[in-house]
Structure formats: C-alpha cells, structure tokens
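Since the structure comes first, as structure tokens, the remarks are kept for the end.
The values are calculated or read from the model by the stated rules, or taken from the named source; none is laboratory data. From a predicted model like this one, the values you see are computed outputs, not experimental measurements. Every residue, glycine as well, gets a Cβ built from its backbone with ideal geometry; the counts of neighbours run over all protein chains shown. To get the accessible areas, we keep the full protein, side chains included, count just its heavy atoms, and leave off ligands, DNA and RNA. Shrake-Rupley method; radii C 1.70, N 1.55, O 1.52, S 1.80 Å.
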Amino acid sequence: MHVVNPIEVRIALLYSIFYFRGMADVSVRRRFQSSNITIVISIALVLIMLGLLTVLILKAKTVSDHVKENIVITLFLDPALKDTEILALQKSIDVEPWRKATAFVTKEEAAKSLQQELGEDFIKTLGYNPLSSSIEISLRAEYANNDSIAWIERQLREDSRIEDVIYQKDMVGAVNERLGSISLVILVFSGALLFVAVGLIFNTIRLAIYSQRFLIRTMNLVGATQAFIRRPFVLKGIRNGIVGAFLAIGITVGIVLIIDKNFRELKLIQLADVETLGILCLFQILLGILITWISSALAVRKFALQSTDALYMN
Amino acid sequence: MSTDAIINLNKVSVFQKHNLVLSNVSFTINKGELVYLVGETGSGKSSLLKMLYVDVPLAQGEATIAGYDIAKVKRKQIPLLRRKLGIVFQDFQLLYDRSVNENLYFVLKATGWKNKKEIQDRASEVLDKVGLVTKGHKMPHELSGGEQQRVAIARALLNKPEVILADEPTGNLDPKTSEGIIRLLKEISETGTAVLIATHDRIVTELFPSRTLTCVQGEIQDSLQ
C-alpha cells in the first residue's frame, strides 16, 4: 500500500496554490494588456488613415498648383519695341509677386512654331511675318483665378508697350471650379473621418475605463481628489497614444515609400516633402496624445462623478 | 447641539431614486458613540448612509457631519469631507489588483501623505489595530472574508476619522467572524471615534447592546427616547 507522505501533500498543495495564483495573475495581466493592445491598434489605424489623407491633401494641392501654374497669359508686344526694351519689360514683370515664370518669344520663334503647326510656310505666301513678339507669363497658383487675373490684366494693359493681353478666361474659371469642388469633397471626407475616428478611440478608451469603474468608485469614496484619480488613467492613455502614433508613423512612411517606389511619376517624396513628412509625423504624435488625453480624462470624470447607484445601472 | 456632536440631522427626508423612504429624520451622534441603524431591507438604511457620505444629494432638511454642512458642501470639498469619515462596506470594496499594504498606501497617498516612511508606519499601525500586521504583503483575494473586512476597517482608520460609517459590515460574514468585526468597531468607538453601523443582523445588536436607531414605516425610532 502506498503511504501518503504528509510533506508531499503539503508541497503539492502549495504548488497548486502558487500555480493557480500565478495563473490568475497572468490572466489579469493578459486582460489589461489586451485592452491596451486594442487601444494602441485603434489609435494607430486612425492615425494612419489621417496621415495618408493628409499626404493625399498635400499631394492634391501640389497637383492643383501645378495645373493652375500652367495657365498662361500671353502679352503681345508693340512691334516697334527693341529687344533691350522687351528685356526691360520682362525684368519689370519678373519682380511682380504674382509671376511664376516669364518667357520671351520672338516673332521669329512664334512664326516657326506656327509654321510647324500649320505645316506650310505662311511667311513666303504673305511675303512678311504678321506675328508680333510676345511674353508668356505663368502665374503663381494663388493668383490663378479670374478676379486676380482681371486685375493683373488691367495693370498690364495700362502699359503702352503691350498691345494685347490674352488668356483663356473660360479655362481659368473651369479649373478653379473643378479643383474647388474636389478639395471640398476631400475636406468633407477628412472631417467626417476625423469625427468617426475620434469617436471610435473615445469609445474604446471609455470601455477600458468602464471596466474599472468600481475601482474609480473606491478611490472616490476613500477621499481621493479627481486629479489624483485621473492621473494614472491619463498617463496610461497618453502612453498608448504615443505608442500608437509611432506605429502609425512607421506604417504611414512605409506605405508612402512603397507608393513612391511604384509610382515615381507622382513624386511623392521630394526634397521639400521631407519637411512636410516631418510635420506630418509630429502631427500624428500630437493628435495621438491629444485624443487619448482628452478621452481618458473625460471617461474617468464621467465615472468618478456618478453615484454608486448610477454605476450599477450602467 | 452639543460640542461633541459629530453627526447632526434635523428633519431630513431620505429618498431612494424618487421614492421617499424616510422622513422627518432627526438625531445627533456624539464623539465615541456606537450606534446601530437597523431596519428591513429597503427601509432606507443604506440611502441614509449614502446621504451622509454625499454619494446622493440631501433633498430636504439640515445635516452636518464632521463639521461639514452637507446641503452646502461643494463638489471640490467632497474628498476633504470623506477624509474625515471612514467608510466600511458589506462587500469590502478593496482594490483587488494590489496587496493589502498597497491598498493602504494608495489611500494615504491619495489623501496627501508624501513621506514614504510615515506612510509605511501608519499602514502597519492600523494593521496592528485590526490584528493583521503580518498580512500586509498578501493580495486581498488570499484573505478570508473576515480578514478582508478587517483590512477595510484598517483602511477606514488611516486618516484618524471622526466617524466610521459601516454599511452592513457583517452582511457577508459568518456569525463568529461577525462578532469579531463588531467587537473591533466597538473598541474603535471607545477610543473616541463615533461609529454608525447599518445592519439587519439581530445577533450583532444583541451581543453588543448599544443605542439603536430603527427604521420603521418611513420614520426613525431612537432607543434613547
């Protein structure tokens, strides 16, 4: 017959107690960790979306600026002007704030390009070159709208050296209208996304804090001040926000790099854009901190101010 | 009202949600008194205690506790008021994610104690008072119900309260353990702290007879009168 050694029994008992205690601690720890992971992931997802959207908006602005800066105003010049006078005129335009670039087209160059277009030598037919020299001005994006152009046109027409000012009025209107509506759609979409995203994070954090509402209650009843109760929750929230933001930055930069590698023509990463990307990363970190800070503080406040009865009714 | 009065109620009405459960409640509890608040479940004992620790607002009448006028107390003052009270619950309400010592340290830190040595000394002092000086490192779930309630009482004693409000402190305990808890509360009252115990446990009130406030048909009968 096997005799049970009482010491063995005690050891087994102790082992089982420690084992179960260890298990309980691990499960509690896991629960807290999993709620942290959920928060970090949702913050990261939201920040990635917002980051990519910001890149899109910035890119859209570059594209729209590019389109706008391709609008050309052509100045037909007095044929009597000498080259030096034309050069002086071009220089005076070059110092204007609204000019992006100017190009002097001599009447010979103009004739050459018209000949190529028409496919016949019209100078020979006519016996002289009827074209006049011109200056082509492309505008800065912010001046490329009908109001500014009308004002620029008036200013230019006052100059006696200029015979005529020509630009495609209809096209300027159409470009601005289209770009305006596209920007509006993107802005409304971003606004809605930001709203949904902040709501989502707010709810996730509130749910995590909701699970500890009785802990908050106990703190409250032993005479802890609101600020004292809030501090650990807010600090934990901010920590999650920062971790989420760094995760988001990594993924956003990764996505931008992949797109840039595959679609070089988009010129996603230019020298000037490095600064923009830096600002974008900073924006993601700040937003991550701000959202988690406000959400945790509001959620703790909500549960800390409720009476015990209201907590049970939740 | 005598200068020893810790709790003074004058024509107070007590509501549960919107139902009036007690009306015209007037009594005074002095320093060092042990008072039972008895009555059936739902008779308004807990609601009266909640009103005293400002968990629910005072709807009607005048009430002062530990020098605070409950009707006029501002939200920012509530933590300060609660530091003058010790609250003990039926379900202990300890923080189960930390050890007994950490539970006590937390309350001390939350109520403005800064010096680590003083915090540790005060914690072991109160644990000594409730006979648990060797159990400070344990987690609450490793203790028996009676021991957990003793920790809750130790916690209530930390800031040397003027009054202890105990809401069914023996509700979850067996008679033998209950007796120990009430004896402890009685000893505390003998050191000068007023103790108000809400209970429906007749054995308790018979073992340690003291002044009793009974909730009957929406009113309070005082055994002193």
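General observations
- Among the residues listed as B:ASN30, B:ASN103, the single one being of a type in the set (S, T, N, Q), under 19 Å from the mean Cα position of the chain (by Cα) and under 19 Å from B:LEU213 (Cα atoms): B:ASN30
- Checked against (1) away from chain A (no Cβ under 11 Å); (2) in a loop (DSSP other than H, G, I, E, B), B:GLY61 passes all but a single condition, namely (2).
- For B:GLY192: the one exception among (1) over 24 Å from B:VAL35 (Cβ atoms); (2) in contact (Cβ under 8 Å) with a residue 40 or more places away in the chain: (1)
- Filter pass, B:GLY136 being part of a loop (DSSP other than H, G, I, E, B) and more than 12 Å from chain A (Cβ to nearest Cβ): yes
- Every residue from segment B:139-162 that is open to solvent by less than 20 Å² (accessible area, probe 1.4 Å) and more than 14 Å from every other protein chain (Cβ to nearest Cβ): B:GLY146, B:GLN149
- Unmet requirement for A:GLY180, which otherwise passes all of (1) in contact (Cβ under 8 Å) with a residue 60 or more places away in the chain; (2) more than 12 Å from chain B (Cβ to nearest Cβ): (1)
- Qualifying position, being farther than 30 Å from B:LEU52 by Cβ, loosely packed, with under 12 Cβ neighbours inside 10 Å and more than 14 Å from every other protein chain (Cβ to nearest Cβ), among A:VAL198, A:VAL274: A:VAL274
- Identity of the residue in segment B:99-133, within 14 Å of another protein chain (Cβ to nearest Cβ), open to solvent by 50 Å² or more (accessible area, probe 1.4 Å) and part of a loop (DSSP other than H, G, I, E, B), that ends up farthest from A:ALA224 (Cα to Cα): B:LYS114
- Just so you know, in segment B:163-183 the residues that are open to solvent by 10 Å² or more (accessible area, probe 1.4 Å) and touching a residue at least 40 places away in the same chain (Cβ under 8 Å) include one that is nearest to B:ASP4 (Cα to Cα), and it is B:ASP167.
- Number of residues in segment A:219-241 that are surrounded by 23 or more Cβ atoms within 10 Å (Cβ to Cβ), of a type outside the set (A, V, I, L, M) and facing chain B (nearest Cβ under 7 Å): the value is 1.
- Positions within segment B:184-203 being touching a helix residue (DSSP H, G or I) at 6+ places or on another chain (Cβ under 8 Å), among the aliphatic types (A, V, I, L, M) and either surrounded by 17 or more Cβ atoms within 10 Å (Cβ to Cβ) or modelled with pLDDT of 90 or more (or both), in sequence order: B:LEU184, B:LEU185, B:ILE188, B:VAL195, B:LEU196, B:ILE197, B:ALA198
- Scanning segment B:9-18 for residues that are within 14 Å of B:LYS50 (Cβ to Cβ) and open to solvent by 100 Å² or more (accessible area, probe 1.4 Å) gives a single hit, B:LYS17.
- Looking at B:LYS50, B:LYS31, just one residue is within 14 Å of another protein chain (Cβ to nearest Cβ), charged (D, E, K, R), open to solvent by 10 Å² or more (accessible area, probe 1.4 Å) and within 26 Å of B:LEU224 (Cβ to Cβ), and that residue is B:LYS50.
- B:ARG82 being at the interface with another protein chain (Cβ under 10 Å from one of its Cβ atoms) and crowded, with 22+ Cβ neighbours inside 10 Å: yes
- Selection within segment A:118-135 - under 20 Å from A:VAL165 (Cα atoms) and among the hydrophobic types (A, V, I, L, M, F, W, C): A:LEU131, A:ILE135
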